[in-house]
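Structure record follows, encoded as structure tokens.
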Amino acid sequence: MTTISVIKADVGSFPGHSRVHPAILEKATEMLRKAEGNLITDSFVTHCGDDLELIMTHTHGEDDPGIHKLAWDVFIECTAIAKDLKLYGAGQDLLSDAFSGNVKGMGPGVAEMVFEERASDPVLVFMADKTEPGAWNYYLYKMFADPFNTPGLVIDPAMHEGFVFEVHDVIDKRKVHFSTPEESHKLLAYIGAPSRYLIKYVYRKDGLIAASTSTQRLNLIAGRYVGKDDPVMVVRGQSGLPSVGELIEPFATPVIVAGWMRGSHHGPFMPVGLCDANCTRFDGPPRVICLGFQICNGKLIGPVDMFDDPAYDRVRSKCNEIADILRAHGPFEPHRLSLEEMEYTTLPIVEKELTDRWEPI
Ligand code: 13P
Ligand code: 13P
Ligand code: MG
Ligand code: MG
């Protein structure tokens with residue numbers, strides 16, 4: 001069995017929350033290279049905006065203490081570099097000083113998947129900055145449940161039965177499974193509220209794993225705003241799963257997500273190539289990159305920078321237009337997040353300060 005673990009953290013960036021420093025990328029690459037042939041089979045290090053992304057393959061399964069410790073050690077070493085260079089938010093996503101066996105709940109985002117390699121196994125790794133894990137909900141629904149996006153659901157008999165979505169409620173800490181197409185409407189009733197209900201896994205009806213996402217919500221773990229939980233996702237394609245083209249097609253339509261500027265604004269989710277994975281305008285707009293690999297006996301063959309393509313120029317241009325429209329709202333909703341979402345950020349502090357000033361009407 002092959003495991004893919006994508007573990008990410010913002011350990012400090014420059015300038016401000018724009019991007020990861022090359023010295024950090026170098027350090028992380030070097031540390032993972034050393035572990036290759038030993039603990040891990042292969043690795044690839046990259047960044048999306050200010051988030052350091054570790055892509056690893058190995059044979060130890062999900063939640064392996066050795067793999068999580070390796071990632072944690074990389075983040076600690078890279079935090080030291082960030083501190084030396086006085087980068088912004090050094091160690092931002094590391095909520096604890098001591099590793100306790102699993103990075104989940106300690107700040108980093110984790111998407112892992114274990115599978116038996118098929119004769120040929122294309123895997124896409126999606127990584128985002130300035131948004132929240134629920135941002136994947138819309139896209140996963142389009143990929144695995146919408147025949148207008150994925151004709152394979154109609155044309156390929158292997159997909160005819162549909163898919164099972166595991167949805168997590170991150171507020172009440174519970175999970176549920178929905179079968180599509182039969183329960184599409186029930187599924188949408190939940191996942192249309194992506195700040196609370198997150199798709200964690202997607203399986204084919206026969207149990208084949210198709211997608212896995214990070215569902216960590218930093219502010220819910222830390223109890224205060226400490227940066228957004230910029231998410232990652234691993235998706236398999238082809239041969240009875242949506243084709244690679246069907247998997248990236250939903251990103252050709254502009255969608256508005258939460259997490260821009262101070263984690264408190266809505267903005268367009270812009271698909272970009274690696275060279276543009278730097279958050280600039282108003283600390284954004286929210287960005288997503290996608291690296292495509294073939295998995296060969298645990299080796300990562302690739303990557304291909306999937307959104308570095310003129311075919312995505314038009315959606316980027318539309319995203320820029322939406323960014324102008326939302327920015328014109330200044331501090332008003334719907335650019336600013338709803339009150340409910342702001343509850344997890346700064347509003348309670350303002351509310352506390354003003355308690356005595358409010359009078360009954
Ligand atoms: P598979 O059935 O092998 O996934 O091929 C479908 C395809 O690639 C169409 O674009
Ligand atoms: P990050 O969550 O990407 O660190 O961004 C925080 C922020 O406040 C950007 O404006
Ligand atoms: Mg940051
Ligand atoms: Mg970030």
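Some observations on this one:
- Applying a threshold of 9 Å to beta carbon distances and a minimum spacing of six or more residues, or different chains, the list of pairs starting in the stretch 10-26 at a residue that is closer than 12 Å to T79 by Cβ and ending at one that is of a type in the set (S, T, N, Q) and assigned to a loop (DSSP other than H, G, I, E, B) reads D10/Q92; V11/Q92; G12/Q92; S13/Q92.
- In the set G207, G152, only one residue is over 18 Å from G259 (Cα atoms) and either in contact with a strand residue (DSSP E or B) (Cβ under 6 Å, 6 or more places away or on another chain) or open to solvent by 40 Å² or more (accessible area, probe 1.4 Å) (or both); that residue is G207.
One line per residue, one yes/no per condition, for (1) more than 16 Å from ligand 1 (Cβ to nearest atom); (2) within 19 Å of M113 (Cβ to Cβ); (3) open to solvent by less than 30 Å² (accessible area, probe 1.4 Å):
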| residue | (1), (2), (3) |
| --- | --- |
| V170 | yes, no, yes |
| V176 | yes, no, no |
| L188 | yes, no, no |
| G192 | yes, no, no |
| Y197 | yes, no, no |
| K200 | yes, yes, yes |
| S212 | yes, yes, yes |
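- Restricted to the stretch 252-321, the set of strands (runs of 3 or more DSSP E) holding at least 2 residues that are within 12 Å of ligand 2 (Cβ to nearest atom) and touching a residue at least 24 places away in the same chain (Cβ under 8 Å) comprises 256-259, 265-268.
- Per-region count, the stretch 45-85, residues closer than 12 Å to S5 by Cα and within 16 Å of ligand 3 (Cβ to nearest atom): 1
- When the test is whether a residue is open to solvent by 60 Å² or more (accessible area, probe 1.4 Å), touching a residue at least 40 places away in the same chain (Cβ under 8 Å), in contact with a Phe, Trp or Tyr (Cβ under 8 Å, 6 or more places away or on another chain) and more than 16 Å from ligand 2 (Cβ to nearest atom), I248 does not pass it.
- Residue that is farthest from N219 (Cα to Cα) [pool: residues in the stretch 331-342 that are open to solvent by less than 20 Å² (accessible area, probe 1.4 Å) and not in a helix (DSSP H, G or I)]: H335
- Subset of the stretch 214-225 (residues that are touching a helix residue (DSSP H, G or I) at 6+ places or on another chain (Cβ under 8 Å) and either farther than 27 Å from F115 by Cβ or at pLDDT 95 or above (or both)): S214, N219, Y225
- Among the candidates A189, A135, A193, A145, residue that is more than 30 Å from L274 (Cα to Cα) and of a type in the set (A, V, I, L, M, F, W, C): A189
- Residue within the stretch 260-273 that is closer than 25 Å to T2 by Cβ and open to solvent by less than 50 Å² (accessible area, probe 1.4 Å) present: no
- Q216, sole failed condition from (1) within 14 Å of ligand 4 (Cβ to nearest atom); (2) not in a loop (DSSP other than H, G, I, E, B): (2)
- Which numbered condition Y203 fails, given (1) free of Cβ contacts under 8 Å to residues at least 24 places away in the same chain; (2) assigned to a strand (DSSP E or B); (3) of a type in the set (F, W, Y): (1)
- When the stretch 83-96 is filtered for residues that are in contact (Cβ under 8 Å) with a residue 40 or more places away in the chain and either of a type in the set (K, R) or within 12 Å of ligand 2 (Cβ to nearest atom) (or both), the ones remaining, listed by number, are K83, L87, Y88, G89, A90, G91, Q92, D93.
- Counting the residues of the stretch 292-314 that are over 30 Å from T57 (Cα atoms) and surrounded by 19 or more Cβ atoms within 10 Å (Cβ to Cβ) gives 0.
- Test: residue in the stretch 68-87 that is within 23 Å of E116 (Cβ to Cβ), surrounded by fewer than 22 Cβ atoms within 10 Å (Cβ to Cβ) and of a type in the set (V, I, T): no
Residue-wise test of (1) more than 16 Å from ligand 4 (Cβ to nearest atom); (2) open to solvent by less than 10 Å² (accessible area, probe 1.4 Å).
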{"residue": "H21", "(1), (2)": "no, no"}
{"residue": "R33", "(1), (2)": "yes, no"}
{"residue": "G37", "(1), (2)": "yes, no"}
{"residue": "C48", "(1), (2)": "no, yes"}
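- Of the residues making up the stretch 51-81, those that are touching a strand residue (DSSP E or B) at 6+ places or on another chain (Cβ under 8 Å) and of a type in the set (G, A, S) are G61, A71.
- Contact map, the stretch 117-139: first residue under 29 Å from E341 (Cβ atoms), second residue within 16 Å of ligand 3 (Cβ to nearest atom) and aromatic (F, W, Y), Cβ cut-off under 6 Å, separation 6 or more or different chains; pairs are K130/W260.
The values are calculated or read from the model by the stated rules, or taken from the named source; none is laboratory data. Quick caveat, the model's predicted, so the values are computed rather than measured. Every residue, glycine as well, gets a Cβ built from its backbone with ideal geometry; the counts of neighbours run over all protein chains shown. Ligands, DNA and RNA are stripped out before the accessible areas are found, and what is left, the full protein with its side chains, is counted by its heavy atoms. Shrake-Rupley method; radii C 1.70, N 1.55, O 1.52, S 1.80 Å.
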